[in-house]
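Below is one structure, written out as structure tokens; the observations come after it.
The values are calculated or read from the model by the stated rules, or taken from the named source; none is laboratory data. Note that the structure is a prediction, hence the values are computed from the model and not measured. Cβ: placed from backbone, ideal geometry, glycine included. Neighbour counts: every protein chain shown.
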Amino acid sequence: MFKLIGVALLSLAYANSYADQAEAMNAALADTATTAVSLASGMVELNPLGAAGAVVAKIATMAYIKELPKTEQAHPYSVVASLWGGASASNLCWLTGIGPACFLVGAIRGQYIWNKGEDERTFWAICKSEQRSDTSLQCEWKKLSS
């Protein structure tokens with residue numbers, strides 16, 4: 001019962017997600033936390049880097065993306081948010097005892113996060129293209145509240 005409540009609460013936390021630095025960070029934290037809970041519950045880590053290696057890779061990846069020009073950050077943030085968000089959804093699902101269908105749950109969640117970031121990725125691609133002809137152009141992404 002407590003596992004289902006945890007799944008519901010974490011699902012609500014993701015309800016209005018979109019792909020950006022915060023979404024990627026939330027996904028990294030969620031994947032790390034759900035992995036820790038899963039391992040503590042006796043499950044096995046599937047990541048070949050292991051739990052500690054995965055954390056190091058997440059930190060390094062986020063640091064690398066943050067150093068990219070702003071116009072080039074949306075795509076890699078979307079990629080990692082989708083991967084780690086999908087992994088955390090899969091981990092939560094496994095904790096409920098559903099089983100192998102949880103891989104599909106993770107894939108669906110990852111696709112959902114990827115799709116939510118499409119507008120931002122498009123915006124930055126257009127900005128980058130326009131900056132080629134107007135180097136003084138400054139772009140600022142602001143998500144409209146829905």
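Within the range 124-146, residues that are at negative phi have Cβ atoms under 6 Å from residues that are among the small types (Gly, Ala, Ser) and at pLDDT 90 or above in these pairs: TRP124/ALA74, counting only partners at least 6 apart in sequence or on another chain. If you check ALA51, ALA57, ALA33, ALA63 for being within 18 Å of the chain's Cα centre (by Cα) and surrounded by fewer than 11 Cβ atoms within 10 Å (Cβ to Cβ), only one passes: ALA63. The residues listed here are ALA13, ALA40; of these, the one that is at pLDDT below 95, small (Gly, Ala, Ser) and within 13 Å of the chain's Cα centre (by Cα) is ALA13. So for the range 79-99 (the condition being surrounded by fewer than 17 Cβ atoms within 10 Å (Cβ to Cβ) and free of Cβ contacts under 8 Å to residues at least 40 places away in the same chain), does at least one residue qualify? Within the range 79-99, one or more residues are surrounded by fewer than 17 Cβ atoms within 10 Å (Cβ to Cβ) and free of Cβ contacts under 8 Å to residues at least 40 places away in the same chain. One residue stands out in the range 107-146 among those that are in contact with a helix residue (DSSP H, G or I) (Cβ under 7 Å, 6 or more places away or on another chain), closer than 16 Å to GLU23 by Cα and among the small types (Gly, Ala, Ser): the one that is modelled with the lowest pLDDT, namely GLY117. Does at least one position in the range 60-76 carry a residue that is β-branched (Val, Ile, Thr) and modelled with pLDDT of 95 or more? Yes, the range 60-76 contains a residue that is β-branched (Val, Ile, Thr) and modelled with pLDDT of 95 or more. Any residue at all in the range 23-30 that is within 27 Å of GLU120 (Cα to Cα), modelled with pLDDT of 90 or more, of a type outside the set (S, T, N, Q) and surrounded by fewer than 18 Cβ atoms within 10 Å (Cβ to Cβ)? Scanning the range 23-30 turns up at least one residue that is within 27 Å of GLU120 (Cα to Cα), modelled with pLDDT of 90 or more, of a type outside the set (S, T, N, Q) and surrounded by fewer than 18 Cβ atoms within 10 Å (Cβ to Cβ).
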